[in-house]
Amino acid sequence: MKINEKKRAERLAVIDNIAAALSDGDTFRKVELGDPRPTASQIKKVILPFDNLRVRKINKVKRNIALNIARRATVALNSETEIVGLENLAAAEGGAIITSNHFNPLDSTPIRLMAMCVDREDKLSIVVQESNIFMKGFFGFLMRNCNTMPVSSNLSYMARNLKPALKSKMENGELVLIYPEQEMWFNYKKPREMRDGAYHYAAEFGVPIIPCFTEMRETDEIDDTGFYKVRYILHIMPPIYPNTELSPRERREDMKRRDILLKRECYERVYGIPLDGEFIPERDIAGYKKI
């Protein structure tokens with residue numbers, strides 16, 4: 001395959017950004033190039049009134065279109081994806097918050113496939129960064145309509161819109177995918193530090209965390225950036241239930257600690273190497289290939 005030098009240079013620049021962020025000890029840093037950067041006025045206009053529950057008829061129609069596209073894409077993109085531990089999701093009845101590592105714009109598709117396997121795909125929502133809502137074109141349409149719910153820097157929106165919407169979904173027995181790592185780091189294999197949000201909501205609403213970790217394995221195929229293509233193995237671990245004997249803050253920290261531990265243990269088990277150590281692109285970026 002002919003190498004697209006521009007795309008390869010952009011991918012290598014992202015990897016350089018990952019290296020710099022790790023060197024600075026900032027695993028929550030945005031490393032992708034060209035992400036939208038909405039202004040305060042754009043956030044006020046678009047995010048504050050965002051229809052997270054798709055109450056408006058037009059938004060229901062757009063959601064149905066987006067979900068149909070997502071279903072077909074999920075099947076097409078995950079023909080070689082393996083799912084390990086599906087019984088752990090099946091055992092968790094009612095509302096639950098799914099957590100997973102965040103490494104690709106399409107890394108929600110293995111999670112969608114997982115939900116499809118237990119007939120709960122129509123009850124799956126995904127929390128995304130508010131900047132994703134401002135993406136343009138076809139991918140932007142999916143980001144706005146595929147049962148997505150933006151998380152925002154605007155505290156009023158978080159308290160008056162997102163929180164009630166999440167509560168409603170939990171009460172209705174739905175699944176919500178939240179990426180505690182916050183930012184997407186392209187094909188980064190290691191689990192990173194995690195924000196509190198997913199565990200805060202799980203503790204407050206009394207629902208379990210479904211810990212997931214997506215393993216990436218290189219194939220023999222090369223893509224147009226000169227990297228090896230990867231296939232996924234989604235690992236679903238036993239649900240983490242809130243400990244009601246703890247205070248709300250302790251409950252949140254306990255769930256977060258247990259989730260981090262499960263993801264780290266999964267990483268070391270599937271890759272067969274310790275989690276600690278300096279950043280080595282050949283080892284830590286799935287598909288990395290020098291030319």
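The values are calculated or read from the model by the stated rules, or taken from the named source; none is laboratory data. Remember, predicted model here, so these are calculated numbers, not experimental data. Cβ placement follows ideal geometry from the backbone for every residue including glycine, while neighbour counts extend to all protein chains displayed.
Structural remarks
- A single entry from 112, 72, 56, 144 fulfils the requirement of being basic (Lys, Arg), free of Cβ contacts under 8 Å to residues at least 60 places away in the same chain and surrounded by 15 or more Cβ atoms within 10 Å (Cβ to Cβ): 112.
- Here the strands (runs of 3 or more DSSP E) wholly within the stretch 54-168 that include at least 1 residues being touching a Cys at 6+ places or on another chain (Cβ under 9 Å) are 82-84, 96-99, 124-129.
- Residues in the stretch 38-82 that are of a type in the set (S, T, N, Q), out of contact with any Leu (no Cβ under 8 Å at 6 or more places or on another chain) and closer than 25 Å to residue 230 by Cβ: 79 alone.
- Residue tally, condition exposed (fewer than 14 other Cβ atoms within 10 Å of the Cβ), in contact (Cβ under 8 Å) with a residue 12 or more places away in the chain and under 16 Å from residue 210 (Cα atoms), over the stretch 244-281: 0
- Criterion: surrounded by fewer than 16 Cβ atoms within 10 Å (Cβ to Cβ), over 27 Å from residue 153 (Cβ atoms) and hydrophobic (A, V, I, L, M, F, W, C) - qualifying residue of 285, 233, 291: 291
- Total residues in the stretch 29-53, condition surrounded by 13 or more Cβ atoms within 10 Å (Cβ to Cβ) and not aliphatic (A, V, I, L, M): 11
- Residue check for residue 149: over 30 Å from residue 279 (Cβ atoms) and in contact with a strand residue (DSSP E or B) (Cβ under 9 Å, 6 or more places away or on another chain): yes
- Just one of the numbered conditions (1) buried (at least 19 other Cβ atoms within 10 Å of the Cβ); (2) in contact with an Asp or Glu (Cβ under 9 Å, 6 or more places away or on another chain) is not true of residue 163: (1).
- Spans of helices (runs of 4 or more DSSP H) in the stretch 178-291 with at least 3 residues more than 17 Å from residue 18 (Cα to Cα) and among the small types (Gly, Ala, Ser): 197-205
Residue-wise test of (1) under 28 Å from residue 287 (Cα atoms); (2) small (Gly, Ala, Ser).
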| site | (1), (2) |
| --- | --- |
| 116 | yes, no |
| 129 | yes, no |
| 134 | no, no |
| 137 | yes, yes |
| 140 | yes, yes |
| 182 | yes, no |
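- The residues of the stretch 150-174 that are touching a helix residue (DSSP H, G or I) at 6+ places or on another chain (Cβ under 6 Å) and of a type in the set (A, V, I, L, M), listed by number, are 166, 170.
- Residues located in the stretch 180-218, provided they are out of contact with any Asp or Glu (no Cβ under 8 Å at 6 or more places or on another chain), polar (S, T, N, Q) and farther than 20 Å from residue 253 by Cβ: 187
- The C-beta contact set for the stretch 212-229 (first residue among the acidic types (Asp, Glu), second residue at pLDDT below 95 and surrounded by fewer than 13 Cβ atoms within 10 Å (Cβ to Cβ), distance under 6 angstrom, 6+ apart or interchain) comprises 224/1.
- Condition check for residue 118: surrounded by 13 or more Cβ atoms within 10 Å (Cβ to Cβ) and either of a type in the set (A, V, I, L, M, F, W, C) or in contact (Cβ under 8 Å) with a residue 24 or more places away in the chain (or both): yes
- Test result for residue 255, over 13 Å from residue 192 (Cα atoms) and under 17 Å from the mean Cα position of the chain (by Cα): no
- The lone criterion from (1) surrounded by 15 or more Cβ atoms within 10 Å (Cβ to Cβ); (2) modelled with pLDDT under 95; (3) part of a helix (DSSP H, G or I) left unmet by residue 10 is number (2).
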